[in-house]
Amino acid sequence: MISLLYERRGVRLAVWETGEGPAMIFQHGLCGDAGQPAEVFPAASGWRCVTLECRGHGQSEAGEPEEFSIATFSGDVVSMIEAWKLAPVVLGGISMGAAMALCIAARRPELVRGLLLARPAWMAESAPANMRPNALVGELLRRFPAPEARVQFEASETARKLSGAAPDNLTSLRGFFSRDPAAITAELLCRISADGPGVTQAQIRAIRIPAMVIGTARDFVHSLEMAKELASWIPGAEMVEITPKAVSREQYRADFRAAVARFLKRVESGAVIGGD
């Protein structure tokens, strides 16, 4: 991957590119980094994967924690798209990145030619119930040193339930306790878990570009039911269910890459979106 730099409002943000061709902006999830979309991007697609690491993520500076929000992170991406004259782009994201992509597609449709939402954790509302495990970890990290916070979490009912129902979610949550700096991790988890994409169901239903929603089973934070419902809101959206990471991480990556490759071909073909 090639590392670039984009600065907005005094905060330096890392941008990673891989591949060649027209740009697909592909955003990572909460407390993730550019490696997350890179591992599921089809390298031979003829497209270029571009990921701006959000404030407090990866190699990007954090800036003021009070500004951590999906709106701020989305604004950073919009600013980069406009400054680098990338529009119209295919826009995608995983989890929090999907919420960002949804926000941009609904509010700035002229910038987007295709929309890919993978393992969405939000629809239109803020602070959805599925984000409570992330919020719990954030609150524990605010209150206790990381080792003690981890002990408190392991004793929780949340950890017990996820161990059987959504083991991949549990693995991710456990990883947050060793993420540095802990104070930034706590603020990201608390503030973003309480946030939302800032769009209405009506705005989502008004999206008129090729779209795909990717979901998996055995995932509490990113439920398959939410993915299916969100896909039903977007006219002409294709819903794709792929292998859960809890079943096979290798097959998950292969299924994900195949879905992205198929979607990019759909965009290239100039798919026409029908009415409601």
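Some points to look at:
- Residue list for the stretch 134-167, filter: farther than 14 Å from Leu188 by Cβ and acidic (Asp, Glu): Glu148, Glu154, Glu157
- Some residue of the stretch 60-71 being surrounded by fewer than 19 Cβ atoms within 10 Å (Cβ to Cβ) and within 15 Å of the chain's Cα centre (by Cα): yes
- Meets criteria (surrounded by fewer than 22 Cβ atoms within 10 Å (Cβ to Cβ), under 20 Å from Val112 (Cα atoms) and out of contact with any strand residue (DSSP E or B) (no Cβ under 7 Å at 6 or more places or on another chain)) for Gly21: no
- Test: Ala202 is touching a residue at least 60 places away in the same chain (Cβ under 8 Å) and either assigned by TED's automatic domain parsing to the domain that holds Ser163 or among the small types (Gly, Ala, Ser) (or both): no
- In the stretch 126-171, residue farthest from Cys103 (Cα to Cα) [restricted to those that are under 19 Å from the mean Cα position of the chain (by Cα) and not in a helix (DSSP H, G or I)]: Ala166
- So Glu187, is it surrounded by fewer than 17 Cβ atoms within 10 Å (Cβ to Cβ) and among the acidic types (Asp, Glu): no
- Test: Asn134 is in contact (Cβ under 8 Å) with a residue 60 or more places away in the chain, within 22 Å of Ser232 (Cα to Cα) and not hydroxyl-bearing (Ser, Thr, Tyr): no
- Filter result for Pro181 (surrounded by fewer than 14 Cβ atoms within 10 Å (Cβ to Cβ), more than 29 Å from Ala124 (Cα to Cα) and in contact (Cβ under 8 Å) with a residue 12 or more places away in the chain): no
- Cross-chain or 6+ apart pairs with Cβ under 7 Å, the stretch 49-65 first and polar (S, T, N, Q), then assigned to a loop (DSSP other than H, G, I, E, B): Thr51/His28; Thr51/Ala34; Gln59/Glu53; Ser60/Glu53; Ser60/Cys54
- Condition met for Leu115 (in contact with a Leu (Cβ under 8 Å, 6 or more places away or on another chain) and either in the same structural domain as Ala261 (by TED's automatic domain parsing) or assigned to a strand (DSSP E or B) (or both)): yes
- Checking Pro210, Pro197 one by one, the residue that is in contact with a strand residue (DSSP E or B) (Cβ under 6 Å, 6 or more places away or on another chain) and touching a residue at least 60 places away in the same chain (Cβ under 8 Å) is Pro210 and no other.
- From the list Ala271, Ala254, Ala246, the one residue that fits, being modelled with pLDDT under 95, out of contact with any Phe, Trp or Tyr (no Cβ under 7 Å at 6 or more places or on another chain) and over 19 Å from Pro210 (Cα atoms), is Ala246.
- For the stretch 85-140, filtered to residues that are of a type in the set (Val, Ile, Thr) and more than 17 Å from Arg208 (Cα to Cα), the residue that is surrounded by the most Cβ atoms within 10 Å (Cβ to Cβ) is Val137.
The values are calculated or read from the model by the stated rules, or taken from the named source; none is laboratory data. Because the structure is predicted, anything quoted here is derived from the model rather than measured. FYI the Cβ positions are ideal-geometry reconstructions off the backbone, even for glycines, and counts take in every protein chain you see.
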